[in-house]
1. List every DSSP H helix in the chain whose Cα atoms extend 30 Å or more along the helix's own long axis and whose mean Kyte-Doolittle hydropathy is at least -1.0.
2. What percent does the relative contact order of the chain come to when contacts are Cα pairs within less than 8 Å and at least six residues apart?
3. Taking springs between alpha-carbon atoms closer than 10 angstrom, which of Ala97, Ala79, Ala186 fluctuates most in the Gaussian network model of the chain?
4. Taking amide hydrogens as modeled 1.01 Å from N in the peptide plane, which residues meet the under 5 Å criterion relative to Tyr245, leaving out close sequence neighbours?
5. Any chance you could run the full-extension gain for Asp68 through Arg242? It's 0.36 nm times the residue separation minus the Cα-Cα distance, nm to one decimal.
6. Could you work out the local net charge near Cys263, counting Lys and Arg as +1, Asp and Glu as -1, over the other residues with Cβ closer than 15 Å to its Cβ?
7. Tell me the label only: which of [x] 13.5; [y] 17.6; [z] 18.9 is mean projected area of the Cα convex hull in nm² as calculated from this structure?
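The numbers here are math on the coordinates, done by the rules we state, and not lab data. Quantities reported herein were computed from a predicted structural model and do not represent experimental measurements. Here the Cβ positions follow ideal geometry from the backbone for every residue, glycine too, while neighbour counts run over all protein chains shown.
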Amino acid sequence: MSSLRSRKTAKRNEKVLPPVRPNVGIEVAYRGRLTRLIDAMSDSVIYWLKASYRANTPRMAQDETPADALRRSIRKLAAQWTKRFDVASDRLGDYFALSVEKRSSAALRKILREGGISVDFKMTAEMRDVVDATVNANVSLIKSIPSQYFDQVEGAVMRSVQTGRDLAGLVEELERFSGISRRRAAFIALDQNNKATSAFTTARELALGIDEAEWHHSGGGKEPRPTHVAAGREKVRYKISRGWYDPAVKRFIRPGEEPGCRCVGKPVIKGFS
């Protein structure tokens, strides 16, 4: 009976606050910028390849020289677009990281204020480290987009040369590759928004001495992770500094850290009467 009373007392002396959720507007804007870059790259490649393919079609199946010329030209295009993505990645990485930091900090400040706690956040060394890590992660992901795309393009063009496929079939395959890149961009925007929001919120909460949270499953994914669903249903408590041990991956994780995870944590504030 006494242990039951103590648990009830503990519950009365704490508040479980709403979670900080990833900002959908940032995700949409980020995805849009990536998609526009991908579409411009795809349009450029298809336009150029149509002209080059038609110019070399009569000799393409018999003569190796046109194939070599196409390969060199594809790699020249790849270098040009890789440079454009490299330049864009620095600007876009900074924009994304600072946008998420600003929105997530504002959201946490509002949640805490409504819970009776007034805070004034500063850009600490720890937060700067999270910003830098977020920028670097996104720069790397953005730079990988043209690399993967042009590997696919070169392979498709060389197969087309070898088999004598018509131009329409090649263009259809190239359009499929751009679709793959667009879907990848959408996943990057979603996943990185979740990860960055989780990282910034964790850093802010720990700086305030908040080290307990309640797992909340978002229910938004097409294929929810059973362990995350169970953790949300059971309102699992975990240390923010360490995370929750997910038996499916056999390590400690925080909400939003696993690929595509949309879960969030509800901070637990102690000391309320």
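1. TM-like helix candidates: 24-56, 64-114, 125-163, 167-207.
2. 30 percent
3. Highest fluctuation among the options: Ala79.
4. Ile253
5. Here the segment from Asp68 to Arg242 would lengthen by 57.2 nm.
6. +3
7. [y]
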